[in-house]
Amino acid sequence: MLHVAVVGSGPSGVYTAQSLVQQDPLVRVDVLDRLPCPYGLVRYGVAPDHEKIKSLQGNLRSVLEQERIRFLGGVQVGGAGGVSPARLRELYHAVVYCVGAATDRQLGVPGEELPGSWSATEFVAWYSAHPDALPGGFVPGARTAVVIGVGNVAVDVTRMLARAAPQLSPTDLPQAALTAFAESKVTEVHMVGRRGPSQARFTTKELRELGSLPDTEVVVEEAELALDPGYADPSGLPAPQRRNIEVLRDWAAAPPRGALRRIRLRFFLRPVELLSDAGRVGAVRFERTLPDAAGGITGTGRYEEIEAQLVLRSVGYRGVPLEGLPFDGAGGTVPHEAGRVLREGGVCQGEYVAGWIKRGPTGVIGTNRSCAKETVTSLLQDAPRLLRREVPEDALPALRADGLAPVGWDGWLAIERAEAELGASLGRSVVKLPDWPSLRAAASTAAP
Ligand code: NAP
């Protein structure tokens, strides 16, 4: 038997485990996760109102319930109190790191740290009930929000800000976030791109959804869109961008409806400073940009300020270095060759990567399938050499002896039950447990 540890139980980790057991009948996989809950960004990143994508949890679950796969939650790899990558190498023939991109990119402009300015990652963690999320509610007092960036995460957070509580109540949104959204006074959300509409990163389905939100209208300025040569003549654009332009063109032609809430999509505005109002963010200062011939932008020296009591910086995720593993700081990834970790130009025996830590924070959930498959193919090619090293028949006793207390699948099922009970007690369906004490308490009710 080849014993493999997969670190991370998001889509890339689960697809890696699945591919391993599918391709080799003599593999056993432990899927480790820092949290007692599986599914990574499907649980803690996909917006709660995207129920169809959330339902992917069912597919991931059926993988984690397979006989040769075991979920071990609450196991931190690296750092104080965790298990080190070196120790994992002693306990398993191979380790595949599927740890994603755990932090956000910085804007690098003055005022970024003002109260009221948050990364989209922080905001998403809060409404997704991540146990490490910052408390605070984010929206109290804000009437106008600016979302910086025009990727799918920017669309998610914009949409969440524009939703009314009755649309969110049927989701698994934690109760405190539901209350905060119910009390939100935000009526104006500006989603702002530094380049033009033909270079925006959002996908058409997600973009179009903004136009179907109740009591909300999308406002775009024809003159601003037309700064983009790809808007005036989209014939040379790839099909996805052409479809985005069609959606924007329809919105530009629509007369104002005077809806309760407005989403303003803005382009060719580069953030240069977040401005303070009595110690909190009060506005964002942008420089007007213009397209250059190479798909980039140039500044014009003309500026515009947009009022905002809430700023969400949605400019992409970033991988973080893992103790003991090489790291490419520029890309936020672990250097690899077809999934094999590279150290000083050579392949590290028995260490692999898949998902965002391998290729950077791009692509949809399904992209992780082919990414995992490539890594697993490399690993299984290496198997004869990996098997020469002796490892314990079962790593769990050794992990326990090291002072770790993994939460098994039963613990996770107990958390699920507690979330269903909480939902029922609040007259809602499932409601997520938002903090470590409640997750630990629920997991501890599982039979030992
Ligand atoms: P993203 O797609 O890379 O978009 C990042 C946005 O931030 C871009 O508009 C980028 O503009 C902008 N940006 C970067 N640096 C900036 C700066 N210094 N100033 C101003 N703007 C800046 O990242 P994401 O939205 O975080 O999404 C990550 C991945 O998750 C993507 O693959 C996405 O499709 C996926 N995702 C999918 C869904 C879904 O399918 N529903 C939902 C959420 C996320 P430039 O292009 O000019 O750099």
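See the values below:
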{"quantity": "Fewest-first ranking of Val4, Val284, Val219, using other Cβ atoms within 10 Å as the exposure measure", "calculated": "Val219, Val284, Val4"}
{"quantity": "At 0.890 mPa s and 25 °C, Stokes D of the chain from Kirkwood alpha-carbon radius, µm² per second", "calculated": "105"}
{"quantity": "17 Å tail of the calculated P(r), segment 4-98, as % of Cα pairs", "calculated": "48"}
{"quantity": "Candidates per GluC sites (Glu not before Pro) in segment 4-92, loop by DSSP, up to 14 other Cβ within 10 Å", "calculated": "Glu65, Glu67"}
{"quantity": "Segment 13-57: projected area of the alpha-carbon convex hull, averaged over directions, in nm²", "calculated": "3.6"}
{"quantity": "For segment 33-157, the fraction of alpha-carbon pairs in successive 5 Å shells from zero, as %", "calculated": "2, 8, 15, 19, 18, 14, 11, 8, 4, 2, 0"}
{"quantity": "Hull shadow area, averaged, segment 155-233 [alpha-carbon convex hull, nm²]", "calculated": "6.2"}
{"quantity": "Whole-number Å³ per residue for the convex hull built on Cα positions in segment 105-315", "calculated": "123"}
{"quantity": "Overall Cα dimensions of segment 330-419, principal axis frame, Å, largest first", "calculated": "44, 37, 24"}
{"quantity": "Rg and Dmax of segment 84-229, Cα atoms only, in Å", "calculated": "18.5, 62"}
{"quantity": "Anchor Lys432: lysines whose Cα lies under 29 Å away (excluding residues fewer than 8 positions away in-chain)", "calculated": "Lys52, Lys54, Lys185, Lys205"}
{"quantity": "Relative contact order of the chain, pairs being alpha-carbon contacts under 8 Å that are 6 or more residues apart, as %", "calculated": "22"}
{"quantity": "Order by protection proxy (mean Cβ within 10 Å, highest first), peptides 53-62, 297-306, 128-137, 408-417", "calculated": "408-417, 128-137, 53-62, 297-306"}
{"quantity": "The chain, helix-only ellipticity at 222 nm - DSSP H runs n ≥ 4, -39,500 (n - 2.57), divided by all residues, nearest 500", "calculated": "-9500 deg cm²/dmol"}
{"quantity": "Spherically averaged projected area of segment 252-307 from its Cα convex hull (nm²)", "calculated": "5.9"}
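Where a number appears in this text, it was derived from the coordinates with a stated rule and is not lab data. Note that the coordinates shown come from a computational prediction; the quantities given were computed from them, not determined experimentally. We place every Cβ from the backbone using ideal geometry, glycine too, and count neighbours over all the protein chains shown.
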